[in-house]
1. Counting only other residues whose beta carbon sits under 12 Å from that of V272, what net charge do I get with K and R as +1, D and E as -1?
2. With every protein chain kept in the model, how would you rank F32, F264, F727 by accessible area, 1.4 Å probe, largest at the top?
3. Sort K130, K157, K710 from largest to smallest accessible area, using a 1.4 Å probe on the heavy atoms of the protein chains.
4. When the solvent-accessible surface of protein heavy atoms is calculated with a 1.4 angstrom probe, in what order do W600, W24 fall, highest first?
5. Please give the contour-minus-distance gain from D408 to D106: 0.36 nm per residue of separation, less the Cα-Cα distance, rounded to one decimal in nm.
6. How far apart, in nm, are two points set 7 Å out from the Cα along the Cα-to-Cβ line at S286 and at K687?
7. Principal axes first, then extents: for the Cα atoms of region 28-97, list largest minus smallest coordinate on each axis, whole Å, largest first.
8. Between E928 and Y493, what FRET efficiency follows from the Cβ-Cβ distance if R0 is 51 Å, with the result rounded to 0.05?
Amino acid sequence: EVDLERRTQITAVATQGRYGSSDWLTAYLLMFSDTGHNWRQHRQEDSLGAFPGNSNADTVVQYKLDQPVIARYLRLIPLDWNPTGRIGLRLEIYGCRYTSDVANSDGSSSLVFRLSIRPSRTATETIALKFKTMKNSGTLLHAEGQRDHSLSLVLEKGRLLLLDDKNMQFHSSSGGRLLVSLGSLLDDQHWHHVKLERHSAHLNLTVDRAARQVHTVGAAQSHGLQKPILSNRNFHGCLENLLYNDLNLINLAEQNNHQGNVTFSCAEPVSVAVTFTDPRSFLQLSGLTSWSSEVVAVALQFRTWNRAGLLLTFDLPRPESTVRLYLSEARLRLQIDRAGRATLELSAGSGLNDGQWHAVELISGPDCLSITVDKDEGATAHTSQSGRGCTNPFHTFQGCMRLLTLDDRTVDLMKVQQRLLGNYSHLQMDICGIIDRCSPSHCEHGGRCSQSWSNFHCNCSTSGYRGATCHSSTYEQSCEAYKHKGNTSGHYYIDVDGSGPIRPRLIYCNMTEDRAWMVIQHNNTEVTRVHPSPEQHQHSAHFHYAPEEAQLAAIISQSEHCEQELSYRCRKSRLLNTPEGAPFSWWVGGPGAGQVQTYWAGAEPASRQCACGLQDNCLDPNHYCNCDADYDQWANDSGLLTHKESLPVRSLVLGDIQRPGSEAAYRVGPLRCHGDKNFWNAAFFDKETSYLHFPTFNGELNADISFLFKTTSSSGVFLENLGIKDFIRIELSSSSAVVFSLDVGNGPLEVRVESSVPLNDSRWHSVRAERNVKEASLRVDQLPAATQEAPAEGHVHLRLNSQLFIGGTASRQKGFLGCIRSLQLNGVTLDLEERAKITPGVRPGCPGHCGSYGALCRNQGRCVERTSAFSCDCAQSAYTGAFCHEEVAASFKSTMSVAYILRPPHELSSNGSVPPPSVHSDTSPRGENVSLSFRTLQSPALLLYADSLDREYLALLINRHGETHKYFDRVQIGVTSLADGRLHTVTIGRRADAVSVQCSFSVVFFLSTNVNTLGVSVLTGSYELDTELAELASLGFTGCLSAVRFDSVSPLKAALLHPDGDVVVVTGPLVQSSCGSSSPAKTHTAETTHSLSDQPGSADPGQPLVNAIRSDSALIGGNAKHLSRNRNSLSIVASKRGEM
């Protein structure tokens, strides 16, 4: 311990071993104090307490303090030394003399200062001071300004609050609007530095090393700090070097500018604290003889972050009993176990693990037992007896204690330290070593920080982020990314910058077969009429978008294409006043506030044209917009804005609307963007010695790295960045293992994920690595994440200084062979493709996505490769949608049907009796595959009918439940009715004479008599329908059909989505429906979309079906009256049209 005899500004310390010996320190702690008591441990930037010492007796090791320390006393505590010697030390301290002006307040005095010159609004004002106190609350500063505004600096539970007060006089510390809160545990009787600066409308508050900026329109913006007042009405402690700009206010206060009992020296109350650092810590004291009279009084103060811990325990001789005072669930509990009698128990207080000092008083007498927590707050409980027992694990206490008294006698803890009183182990004496690990908080994105004595925890449940520090987003960055996880259209949270500061927002994703559109709504996407008004010369509209500005800009930037509809319908209302006049209307678009645009949708920027002007087809060739012709009839200038630099549309001004007879309407559609340049940004590494290099990765406290890779190689380095000692690396160490390794100064740390399947299978695999102050984690694909905890006391800053290498290393060894895609570091995508264009051995892009994503294409959909991404071709599927997953369904009535020509008709021979051989061979297949789903309450009913030119037919019916039929050469399946309103699926497969049927309950199939298999019967001879079959078919069908497929043909899909073809004939108002969903629904649901009744080529509902169906065709719902006349046709749902 060194006494410098006065407070000194210490800048560095140097150590050296004992001369000519083997005695030197290898590690030590530094402590500082103003009084020789209440020591404060000095910690390095990473909160490390231990300092490296010497490696020999002669070399001088100097440590420069990152911030100078003002203290009189310095204490060096050896931690470790040369194992072959003893403790030996030569110490040198570097610093300079320190002078200051100090004032002390007892809580009832104040310093007052009034400006003689009012500062301008644009002037910069600064207030700086230092303070120390043992009280956790009090008002440090109150500055009044004009317009009843004022600012206050208030100490509240050890934190410093900046309050903005309006229309209020000076008040208690709890009033005012909170602008910012900084610092923690500021009531530790150590000096803390505070600086408040005003720059125009901004206030900067600095407390020790922490700084925050706040924008205010209150006191700081409207005026200067006119009357800074240091109000000590509640503050009890010392102030030092109180400066307002260049004015030393304490020096001025000595000239009688103060009120009350202010002294100009700092009173230093001696308060010795003791710290229980770990589970082995204890303090043992002798009991008092007075306790034999059954009267016990114990008092103490404690502070801790733990919810549980044993504070003290002692035995009483009469009656024989054991007393335990402990924390449980952050409440104080007292338990007295008495021999042969019921246990006494009571509790008091709550939330006592908040890190604040709490005062406890325990009084036990023959007939009374009381415990009081924080007397001033009145938390007192009394009991005389309790018969309820309690089980408590009695965790050891970790925290600080002070002011311990036994029967009103204060325990001298300095005698304990000198081993003159009691016994102890693993204690820190004369110091409270509590640390607030949540100030500043390492929890990001609004995660809530909680802590224990030795650790902290982030609650990310409501933040939208995950990980130990709520760093990584739980959401994808685009609709494209959601689509490639197999998601369909819907609302999704989009986090455009991943772990960056932009918050996720809910956005609608429209997944089509070849696009994933992000649809961003604004406040008015409807068609809006504008009526003429003599008083109104212009009509203006402003559009506000749901995402914040930063998110909107990021979406547009990272999308491959964006567009927005801009439509104007007009009657005697000119638009751009082309070709020479000043434009009557314009719109504002682009990032930020946007820029005025005088071109219209469909034209080029700055062209002053509409789409018709670009295409040279305007109504009046002398103008470049249809509306500029000024006709007394409705015209239209509409189109899409596609230049991303001009999007989104932020406002619209229409000018030519005041003339009599002028009418107009406009629509600004939602912003629609597709493609994700980041998601598909890829590079292919074809040499082990090749790599891409980027600037040094900056991820000192939090780093997340994500990418996708595919390879056929068994090993290779994905990424590496080095520092002097620190490094970070991710590599494929074997064909089934990915390793994330790093070192932040505590020694190498490795996280490994092993896969049960090979990772070098030339398919895309995802990797996500994260490192923060608590742990390092690694996830590969959907395998469980592997984690490694960081040391509780160790370096936390990752310091790198070399280039970042991708696909290789600086040594050109262990390079990666294959593709890396969508590489993001802390939410920022590295442009691999641009760098690959100029790098030998690396190629931009990486084709071949169907191997990884092809399984997303369902129901016979075919995966189609694209340069960036893939799409599902649903042409051969009965389904539609992005992944061929959406059932195509329709609700039928008995008068509706669909006919499909299976192949184009051929010209017959001259006698018209025999078809060409090629036709006959094609229309006599050796097998069929048929599948469909249906829902109905009707039985019996015809679902599907198909015939061919060689007089074969297939019919699918629902049989009447409960009846017994004796059909020739056919078999009935099941006895349960299918006409129950539920969705049923039927699949038929025939190969030559082998037929397989998969169905739900009672379904009957018909085929030629050459085959007699389960559920199928065949009729041969002359082509005459079974009479009973024809009767069933004549009833028609009422219900729902969906996903109808006959070999490679999807007749219902063709009828609904492509009704204009010459192979489809629709009878009745066929409407696409959602009736094919698995949930129960009505058998017929009216629809208002996708109606085909008015489409060209649609059959009139009253038209005979025979005129609509040709040979070599298919009918879905064909009329049974004409079934015998059709050849090679497929019919769905028979129409009810008379008798056979």
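The values are calculated or read from the model by the stated rules, or taken from the named source; none is laboratory data. The structure presented is a predicted model; accordingly, all values stated were derived computationally and were not measured. Backbone-built Cβ (ideal geometry, glycine too); neighbour counts: all protein chains shown. With ligands, DNA and RNA removed, areas are computed over all heavy atoms of the protein, side chains included. Shrake-Rupley method; radii C 1.70, N 1.55, O 1.52, S 1.80 Å.
1. 0
2. These residues rank, largest area first, as F264, F727, F32.
3. K157, K130, K710
4. Result, largest first: W24, W600.
5. Gain on extension, D408 to D106, equals 106.2 nm.
6. 8.4 nm
7. Principal-axis extents of the Cα atoms in region 28-97, largest first: 36, 24, 22 Å.
8. 0.65
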